[in-house]
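Below is one structure, written out as C-alpha cells, with a few remarks after it.
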Amino acid sequence: MNENRNATELVQRLRAKQLINESRILTSLSDRASYAYDASFGHHIPEVVIQPTATEEVSEIVTLANELHVPVYPRGQGTSLSGGPIPVYGGVVLDFSQWDDRLEIYPDDMIAVVSPGVITSHIDEAAKAFSMMYPPDPSSMNVSTIGGNLAENAGGPRGLKYGVTKDYVLGLEIVTANGDIIRTGGQTVKNVTGYDLTKLIVGSEGTLAVITEATLKLVPRPKANKTMLVLFDDLIDSGKAISAILREGITPSKLEIMDQASIKAVEAYQPTGLPIDVEALLLIEIDGHPLAIEEEAEQVRECCLKNGARDVQIAKSAEEASKFWQARKLVSPAIVQVKPTKISEDATVPRSKIPEMFRILKEIKNANNIDLVVFGHAGDGNLHPNIIADVRDEEEMKRVEKAVGEIFEAAIELGGTLSGEHGIGTMKAPFMEMELGAKGLAMMKTVKESFDPNNILNPGKIFPEKGQKLVLRDG
Amino acid sequence: MVDKRLAYQETFDCVQCGYCLPACPTYQTMNKETHSPRGRINLVKMAAEGKISYDDLKEPIDMCLGCRACETACPTNVQYGSILESAKEVLRIETKRSKREQFIESALFEKLLPHSSMLAIAKFGLLSYQRLPLQFAARKTGILNVVLPKGMAAFESIIPKAERSKEKKAYEEDALPGTVKVAYFLGCLMDTMFSTINDQAIQLLRKAGVHVTVVKDQSCCGALQSHGGDLKTARQLAKKNIEAFESGSFDYIVSSIGGCGAMLVEYDHLLKDEPAWKERAERFSKKHADISMVLAQSNLTYNHHVHHTAVYQPSCHMTHVQKNVDAPLELIAKVPGLNYVPMDKQDLCCGSAGIYNIVNYEASMDILDYKMPAVVSAKPDLIITTNPGCHLQMKMGVEREGMSHQIQVKHLVEVIAESCL
C-alpha cells in the first residue's frame, strides 16, 4: 500500500493550486484522528481531511485522487450507524459539515435547493415558514447533514406515511470519479428522461459519486396532529391492531413500538408511570385536517380495543403528546445504563411478520445470552433490535457478533432486508450475498466498476472483502 | 499500558452519536470535529492508549470552555466533566505550558485567589488604581497593552469600579432569626469586583425572612484551579470550605455565582477518593443552592417597577452543572415592568468560562461574536446574568457591538433588588 505517499502528493498538488484555504486542509494527527470514526464501529485515521465548500473544489480533489489512486471518503457530521464515512483504507476524508451556505425554498415549485452540509432539520424548519414540510426524519436529524442522508437514503418514523429520503429527491449535482460535474434529474416531479441516476446515487453510500447539491421535494404541512399511547398485554395483538388500523384506511404519520424490555429499562431509569407488565406499547401519531384526525383517532382507538389493547390514551394537548414521546426518547439513555456499548440494528420485515420477528428475536436473545431490547417503526416493519454489551468484554462481543448474524438471517428468511434505513457500510457487507445472491451482488459490483473503475470512492463499503466477517471488537 | 490517570473507562460511555455537536460552542466557531466534545473524548481515549501524544491532546483540551453544554445534550449521560478534568490534570503535568499561561495562572491561582489577605491587597490595588488618574493615563498611553496579556488588557476597560466593601461586621451581624438558616458563600471575584451584589443578595435573603450567616474563614471555591488542572489546590480549598461551613448548622449554603456554585455542588465528586472527606463533601454539596432557588420560593414582595426589555444569559455552569434552569426565569417573570424576551442561542456559552477569555482571548471573542447577533436582534436594553465572568464578558460583547449606551448588563440579584429593596 502506498496510499500514504500518494495522499501526501495529493495534498502538495492541491496546495500548489491554491484553490482551497489552508485552514480547510487538516493534516495534524489530532485533526485527522477526529475523523476516524462515525456513530458505529471501527476507527481508521485518514492521511488528510479536507473541508470543501464549493463543487469545483470537490472536482479538483476527486480528479487528483483518481489520478493518484487515493481513496476519498465523503463525510457529513459522522452520525452514520453503518460505518459510511469511516476511511477504512486511509486517504482523504471530505468533511462536508462546513458547506451549508445554500438552503433555498421555492414555494411556488414546492422545492428546496440545498448544499450537502445543511443540517436535515434545518430544511424542515425553513419549509415550515411556507407551511410546507420536508418529511424524512431520521432520529439524528438535528445533527445529520442532508448529504449524509442522501448517501445513506436515511429514513425515520415518518417513513410509514411519507416515505424516506429517496422519495423527496428530484435532482442532484454530483462529482463523478473522474472529477466531472454533472446534474441528474431536475426540478419536476415527473421526469422520465433516460435512466434515473438520481435514485441510483441516493443510497449508494458515496460509492458511485460525490453529491454536491440536491433539489428536494416539499409537501404541504399537515395542519394538526394527534398522539396516542396504546398498551397491549400480548405482543401478537399489537401486530393485529396495526394491520387493522392500516386496513381501515388510516395511515398514521408515526407508528412506533416498544417491547417489554424497553419499557422496563425506561421505567427503571426515569419512571414515567408506564406499567411494566405489558408486552408492548404503541405510540401512534396521525396528522391531517383537525376534524379528520378527530374522527380517525376514534377509529384507531376502536381498532386497538377490538384487538386486545389494555388501554388507549389520546393526548389532549401538545404537552401531553410530548410526554408520551418522552418514553420513546428515553429508551436509548435507559438501556446504556446497564452497559455502555449499543449495537443498533435496523433489519426490516414485511409488516405482517413483525410478531414472528419478535418471537425469533427473543429466541436469539436467550440462545446467545445477550441483552436485547426491541423498539422501532412497527408501521413499516423497520424494527430496531438493540443489543447492549461492553466492548471491553471480548467473550460477550463474540456472542453479540453471532447474534447479529442470526438477526440478519431471520430478517431475510421472513422476506425482509438487512437494512431499512442505516445502510450497509462496513458492518453488514459480509451479509450482502445472503440477501442478494451471488449474481445480484455481481450486478451491483458491475455498476460500481463502471462508475468508479479505480475504486477510489468510499472503498471498503457495501461489497465484502474476501472472507470478511462481522467484527465489532477493536484491533 | 493505559494511562489510568485519564478517565479512560468513562470514554467508553460515549456511543459517538454526535448529538453534542450542535451544543458545543467551539465546534460552532472553530469548525472542526477536533474541537467538539465527541472529538475530545476520542482524543482522550487515544492518548490514554498511547496512540497520540499528550502534546497532540493539548490544544483540543485547552480550547474547551468547559461549559458542559454537551452533558445536557448527551443522550447517554457521558461524564464529560470528569473526562475533561482528568485530561487537564495530566496535561498540566505532562506538557509544557507557555510563559503567558504560567504568568496568568500564577497571578490568579496561587497568589491571588485562595488567600483572603492577598485578595485584600489586590483589591486595594484595584481600588487605588481605579481612583487615581493613573487609570486614565494607562488607558491613554496603552501601557496596559504592553504589560498585560492581550486578554487582560482588553478587559481592563470594562472591569467595574471596585467598591470599598462594607466593613466585615455588616456581614457578621445576625438578622432577625428566620426559620431557614443560610450560610452565604461570598466568592472571591464577586467579593472584589461585585461586592455590592453580595450586599444586595444578603439583604434580599434577610428580607425574605431567611437567617443569613457569612461564615468566617471561607475560601475561594477552587473552580479556576480545577479548570486549570490544579486539582491539588482545588481539593485543599474544598476542604477548607467544608471545614468552615461545618462551623454552624445551616439548611442551605447559598451563593450568587453560577460558576462557584457549580464547583461547590461538585465537591463530592472532587473528594470522592478521599474516605475521610467523602461524606462531609457530600453533605456540603447537597446543601448548596443558588440564590435564585431560595428567592424563587420565598414570598418577597416586588414593590417597584423595573422598566427594561431584558434578555437572560444563563451561566452555563448553573444550567449544565447545577441544573438550575427554572428558578432565575421564575424570578424574572415576577419583576413588575420587566419585559423579558427569550433570545436565540440563549443556552450558548458567552465565551467567558473562568479565565478562558483571558488565556484564549481570540477564541473567546469568536464565541462572543457568534453569540452577540442573537442578543442584538432581541433588541434588549438589559442583559441579565448570574455570574460575574458572564457579566464582564457580556459587557465586553455590548462594547464590541458599539452598544454600551443602549444595553446595560446586570446581575439577576441587582434586578430583584431594584424591585424589592
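From A:194, A:148, which residue is in contact (Cβ under 8 Å) with a residue 24 or more places away in the chain and among the small types (Gly, Ala, Ser)? So that I can check it myself, show each step before the final result.
On the way: A:194 fails: in contact (Cβ under 8 Å) with a residue 24 or more places away in the chain.
On inspection, the qualifying residue turns out to be A:148.
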**Test result for residue B:106, of a type in the set (S, T, N, Q), touching a residue at least 40 places away in the same chain (Cβ under 8 Å), away from chain A (no Cβ under 14 Å) and in a helix (DSSP H, G or I)** = no
**Request:** Hey, can you tell me all the residues within segment A:151-175 that are buried (at least 18 other Cβ atoms within 10 Å of the Cβ) and part of a loop (DSSP other than H, G, I, E, B)?
**Result:** A:153, A:154, A:155, A:156, A:157, A:158, A:164
**Message:** For the condition under 22 Å from residue A:181 (Cβ atoms) and assigned by TED's automatic domain parsing to the domain that holds residue A:147, what is the one hit in A:93, A:88?
**Reply:** A:93
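State yes or no: is residue A:80 touching a helix residue (DSSP H, G or I) at 6+ places or on another chain (Cβ under 8 Å) and either crowded, with 21+ Cβ neighbours inside 10 Å or touching a residue at least 24 places away in the same chain (Cβ under 8 Å) (or both)?
Details: touching a helix residue (DSSP H, G or I) at 6+ places or on another chain (Cβ under 8 Å): yes; either crowded, with 21+ Cβ neighbours inside 10 Å or touching a residue at least 24 places away in the same chain (Cβ under 8 Å) (or both): yes.
Yes: the conditions hold for residue A:80.
Kindly evaluate residue B:347 against the criterion of being among the charged types (D, E, K, R) and in contact (Cβ under 8 Å) with a residue 40 or more places away in the chain. Please lay out each step first, then the result.
Details: among the charged types (D, E, K, R): yes; in contact (Cβ under 8 Å) with a residue 40 or more places away in the chain: yes.
So residue B:347 fits the description; yes.
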**Asked** Here are some conditions: (1) in contact (Cβ under 8 Å) with a residue 60 or more places away in the chain; (2) closer than 21 Å to residue A:209 by Cβ; (3) of a type in the set (A, V, I, L, M, F, W, C); (4) buried (at least 17 other Cβ atoms within 10 Å of the Cβ). Residue A:432 meets all but one. Which one does it not meet?
**Response** (1)
**Asked** Would you pick out the residues in segment A:113-138 that are part of a strand (DSSP E or B) and out of contact with any Lys or Arg (no Cβ under 8 Å at 6 or more places or on another chain)?
**Response** A:119
**Residue list for segment B:2-12, filter: under 17 Å from residue B:68 (Cβ atoms) and at the interface with another protein chain (Cβ under 10 Å from one of its Cβ atoms)** = B:10, B:11
**Request:** Residue by residue through segment B:37-60, note down the ones that are farther than 20 Å from residue A:392 by Cα, more than 10 Å from every other protein chain (Cβ to nearest Cβ) and crowded, with 22+ Cβ neighbours inside 10 Å.
**Result:** B:37
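Please count how many residues of segment A:59-89 are closer than 18 Å to residue A:40 by Cβ and away from chain B (no Cβ under 14 Å). Give the derivation first.
Taking segment A:59-89 first, the residues closer than 18 Å to residue A:40 by Cβ are A:73-89.
Now restrict to residues that are away from chain B (no Cβ under 14 Å): A:74, A:88-89.
The number of residues fulfilling the criteria is 3.
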**Asked** buried (at least 21 other Cβ atoms within 10 Å of the Cβ) and either at positive phi or not in a helix (DSSP H, G or I) (or both), is that true of residue A:188?
**Response** no
**Request:** For residue A:313, state whether it is at pLDDT 95 or above, surrounded by fewer than 19 Cβ atoms within 10 Å (Cβ to Cβ) and touching a Leu at 6+ places or on another chain (Cβ under 8 Å).
**Result:** yes
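Restricting attention to segment A:244-252, does a residue exist that is assigned to a strand (DSSP E or B), buried (at least 18 other Cβ atoms within 10 Å of the Cβ) and assigned by TED's automatic domain parsing to the domain that holds residue A:327?
Step one: of segment A:244-252, the residues assigned to a strand (DSSP E or B) are none.
There is no residue in segment A:244-252 that is assigned to a strand (DSSP E or B), buried (at least 18 other Cβ atoms within 10 Å of the Cβ) and assigned by TED's automatic domain parsing to the domain that holds residue A:327.
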**Asked** Using beta carbons and a limit of 8 Å, which pairs, at least six apart or on different chains, have the first residue in segment A:92-108 and closer than 26 Å to residue A:28 by Cα and the second one of a type in the set (Asp, Glu) and assigned to a loop (DSSP other than H, G, I, E, B)?
**Response** A:92/A:47
**Asked** Among the residues of segment A:101-118, is any within 14 Å of the chain's Cα centre (by Cα), crowded, with 22+ Cβ neighbours inside 10 Å and not assigned by TED's automatic domain parsing to the domain that holds residue A:282?
**Response** no
**Test for residue B:15: is it within 10 Å of chain A (Cβ to nearest Cβ), under 27 Å from residue A:339 (Cα atoms) and in contact with a strand residue (DSSP E or B) (Cβ under 7 Å, 6 or more places away or on another chain)** = yes
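If you check residue A:420 against the conditions, is it modelled with pLDDT under 95 and not in a helix (DSSP H, G or I)?
Numbers: modelled with pLDDT under 95: yes; not in a helix (DSSP H, G or I): yes.
In short, yes.
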**Asked** Of the residues in segment B:206-229, how many are in a helix (DSSP H, G or I) and closer than 24 Å to residue B:266 by Cα?
**Response** 5
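Can you pull out every residue in segment A:324-340 that is out of contact with any strand residue (DSSP E or B) (no Cβ under 8 Å at 6 or more places or on another chain) and either buried (at least 19 other Cβ atoms within 10 Å of the Cβ) or touching a residue at least 24 places away in the same chain (Cβ under 8 Å) (or both)? If you could, list the steps in order and put the result at the bottom.
Narrowing segment A:324-340 to residues out of contact with any strand residue (DSSP E or B) (no Cβ under 8 Å at 6 or more places or on another chain): A:326, A:329-330, A:333-334, A:337, A:340.
Within segment A:324-340, A:326, A:330, A:333, A:334, A:337, A:340 meet the criteria.
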**Request:** Scan segment B:341-365 for residues that are part of a helix (DSSP H, G or I), at pLDDT below 95 and crowded, with 20+ Cβ neighbours inside 10 Å and jot them down.
**Result:** B:356, B:357, B:358, B:359
**Prompt:** Among the numbered criteria (1) part of a helix (DSSP H, G or I); (2) modelled with pLDDT of 95 or more, which single criterion is violated by residue B:233?
**Reply:** (2)
**Asked** Within segment B:18-35, restricting attention to residues that are touching a Gly at 6+ places or on another chain (Cβ under 8 Å) and in a loop (DSSP other than H, G, I, E, B), which residue is nearest to the other protein chains (Cβ to nearest Cβ)?
**Response** B:18
**Request:** Can you work out which of the residues in segment B:67-85 that are within 14 Å of chain A (Cβ to nearest Cβ) and not in a helix (DSSP H, G or I) is nearest to the chain's Cα centre (by Cα)?
**Result:** B:79
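For segment A:39-49, what are the residues that are outside any loop (DSSP other than H, G, I, E, B) and in contact with a Leu (Cβ under 6 Å, 6 or more places away or on another chain)?
Filtering segment A:39-49 down to residues outside any loop (DSSP other than H, G, I, E, B) leaves A:48-49.
A:49, the sole residue that qualifies.
The values are calculated or read from the model by the stated rules, or taken from the named source; none is laboratory data. Model, not experiment: these values are computed from the prediction. Cβ sites come from the backbone with ideal geometry, for glycine too, and all protein chains shown count toward neighbours.
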